[in-house]
Amino acid sequence: MIDIHCHILPMVDDGAKSVEMAMNMLIGAYEDNTDKIVLTPHFAFSYGFINPYEKIHSLFQDLKYIVDNEHIPIEMYLGCEYLFDSISTYKNHINEISKINHTNYLLMEFYFDVEGDFIIQAIDTVINSGYIPIIAHPERYESIQVNTSLASTMIKHGALLQMNKGSIFNQYGRNARECVHTLLDHHDISFVGSDAHNTTTRNSLMYDDYLYVCDYYGKEYSDLIFHINADRMLRNNDIRKKGNQ
């Protein structure tokens, strides 16, 4: 499996509190069948998580050195989870935002009470700046929970959707669970992320979710969203174009 969203880079946001915790999260992920993982620390001015590329790239290299020395065979890549709270802030800081593995893919989130119209404006803004927006955990946004057809509009505008592992098991509440099942029913989900923050309440283990999607939505679709799409994305292939491998 490939996890495209986690907060394992230590001591930069509300994720791993130490290098030791980060290592345990990585070991747990690998033992649970995740062989590639994208570290996506928050980049959110309003939350006080100021993590431009220059800062987290250096810390990422330090962590990679430790992981290599400990012979943990998980492949790590760098990105960020950018909080899109205004168009002007995005445009002013676009060069500081870490795209996933130096590709054109940008993982972005919103406030949970974001209006649907603003989501579409944000997607259009990112597309027009030459990047491909991946919307983190759409099932957690109230505007999508009350109108799941908004998800198909987002996809038509050029976005891709990443669900959180755990949403299908009620980790984020009934509304998120019902929403994510509807998105899976329509095959609107393209990626899965653990959104791991620690080793307990929000861990990096995704295999039970993979098996659940296999059972209820088929192995072909489960393989697609847990591995194939992410593998193509890491190679900067535009997965929105059919047959691009």
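The values are calculated or read from the model by the stated rules, or taken from the named source; none is laboratory data. If you're wondering where the values come from, they're calculated on a predicted model, not measured in any experiment. Neighbour counts run over all protein chains shown; Cβ positions are idealised from the backbone, glycine included. Please note that ligands, DNA and RNA were not included when accessible areas were found on the heavy atoms of the full protein model with its side chains. Shrake-Rupley method; radii C 1.70, N 1.55, O 1.52, S 1.80 Å.
Can you give me the ranges of the helices (runs of 4 or more DSSP H) entirely in the range 4-112 with at least 2 residues that are open to solvent by less than 10 Å² (accessible area, probe 1.4 Å)?
So the answer is 19-31, 53-69.
For the range 181-204, give me the residue count where each residue is within 24 Å of P41 (Cβ to Cβ) and either in a strand (DSSP E or B) or open to solvent by less than 40 Å² (accessible area, probe 1.4 Å) (or both).
12
Are any residues in the range 212-226 open to solvent by less than 70 Å² (accessible area, probe 1.4 Å) and assigned to a helix (DSSP H, G or I), and if so, which ones?
Of everything in the range 212-226, those that are open to solvent by less than 70 Å² (accessible area, probe 1.4 Å) and assigned to a helix (DSSP H, G or I) turn out to be Y212, V213, C214, Y217, Y221, S222, D223, L224, I225, F226.
In the range 122-144, which residues are in a helix (DSSP H, G or I), surrounded by fewer than 21 Cβ atoms within 10 Å (Cβ to Cβ) and touching a helix residue (DSSP H, G or I) at 6+ places or on another chain (Cβ under 7 Å)?
Hits for the range 122-144 are T125, S143.
Residue by residue through the range 147-166, note down the ones that are more than 26 Å from D238 (Cβ to Cβ) and open to solvent by less than 20 Å² (accessible area, probe 1.4 Å). Talk me through it step by step, then tell me what you get.
If we filter the range 147-166 for residues that are more than 26 Å from D238 (Cβ to Cβ), which is where we start, we get 147, 166.
Answer for the range 147-166, where residues must be more than 26 Å from D238 (Cβ to Cβ) and open to solvent by less than 20 Å² (accessible area, probe 1.4 Å): just G166.
Here are the criteria: (1) out of contact with any His (no Cβ under 6 Å at 6 or more places or on another chain); (2) touching a residue at least 40 places away in the same chain (Cβ under 8 Å); (3) among the β-branched types (V, I, T). Tell me which single one I94 does not satisfy.
(2)
Give the number of residues within the range 67-114 that are on the phi > 0 side of the Ramachandran plot and among the polar types (S, T, N, Q).
1
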